[in-house]
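Just below is one structure, and these are the notes that go with it.
What follows is calculated from the coordinates using simple rules that are stated; it is not laboratory data. As the structure is a prediction and not an experimental result, all values here were calculated from the model. No Cβ is skipped: glycine too gets one built from the backbone with ideal geometry, and neighbour counts run over all protein chains shown.
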Amino acid sequence: MLPVTTDTIRIFLHVLAATVWVGGQLTLTALLPVLRKAGGDVPKQAARAFNRVAWIAFAVLIVTGGWNIAAVGGDTSDDYKTTLYVKLAFVALSGIAAGWHAFTKSRPMLAITGAVGGLSALLALFMGVLLG
């Protein structure tokens with residue numbers, strides 16, 4: 001068996017948190033038509049329940065992301081740095097859009113911030129895969 005190191009724990013926590021953050025958004029998007037048919041406050045209740053877990057996951061992503069950057073160090077190519085900066089921009093956009101989404105009441109704005117937050121989360125995930 002391969003050894004468990006602090007690097008594997010760091011990466012595991014980062015991937016786990018990304019799974020919750022991105023996967024949860026995709027799951028809620030897929031469930032939204034059914035939740036709406038259930039009526040009442042069911043969609044809002046589901047969103048509130050997800051938020052309790054999602055924001056913890058986002059915080060773990062920020063902490064482990066900083067840890068990842070520190071572990072890689074500054075001796076990287078310009079292409080790596082550019083990809084990292086693009087990823088960080090998508091992470092920031094994802095968090096801002098999700099935060100706005102959590103507090104808006106307007107249905108059109110819910111759709112816009114949900115789409116922007118979800119798409120930017122997916123793009124941040126893709127940039128993370130590029131970074132390896």
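Per-structure values
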item: For the chain: relative contact order, % (alpha-carbon pairs under 8 angstrom, 6 or more apart); result: 29
item: Between helix 107-131 and the chain: long-axis angle, C-alpha atoms, 0 to 90°, nearest 10; result: 20
item: Protection-proxy order for peptides 25-35, 116-126, 53-63, 102-112, each taking the mean of Cβ atoms within 10 Å per residue, highest first; result: 116-126, 53-63, 25-35, 102-112
item: TRP100 paired with ASP78, simple spin-label distance in nm, labels 7 Å along Cα-to-beta-carbon; result: 3.3
item: Structure-based [θ]222 nm, the chain - -39500 (n - 2.57) summed over DSSP H runs of at least 4, per residue, nearest 500; result: -29000 deg cm²/dmol
item: Pairwise FRET efficiency - LEU2 versus ILE112, Cβ, R0 = 35 Å, nearest 0.05; result: 0.20
item: Matching label, P(r) over Cα pairs in 10 Å bins from 0, in percent computed from the structure shown, candidates [x] 12, 40, 29, 14, 5, 0; [y] 11, 31, 28, 17, 8, 4, 1; [z] 14, 44, 30, 11, 1; result: [x]
item: Under 30 Å from LYS44, Cα to Cα: lysines that are on another chain or at least 8 residues apart; result: LYS87, LYS105
item: Likely footprinting exposure, LYS87, LYS37, fewest C-beta neighbours within 10 Å first; result: LYS37, LYS87
item: At R0 = 41 Å, FRET efficiency that the Cβ-Cβ distance of LYS37 and ILE69 yields, to 0.05; result: 0.40
item: Using alpha-carbon coordinates, inclination of helix 42-72 to the longest axis of the chain, degrees; result: 10
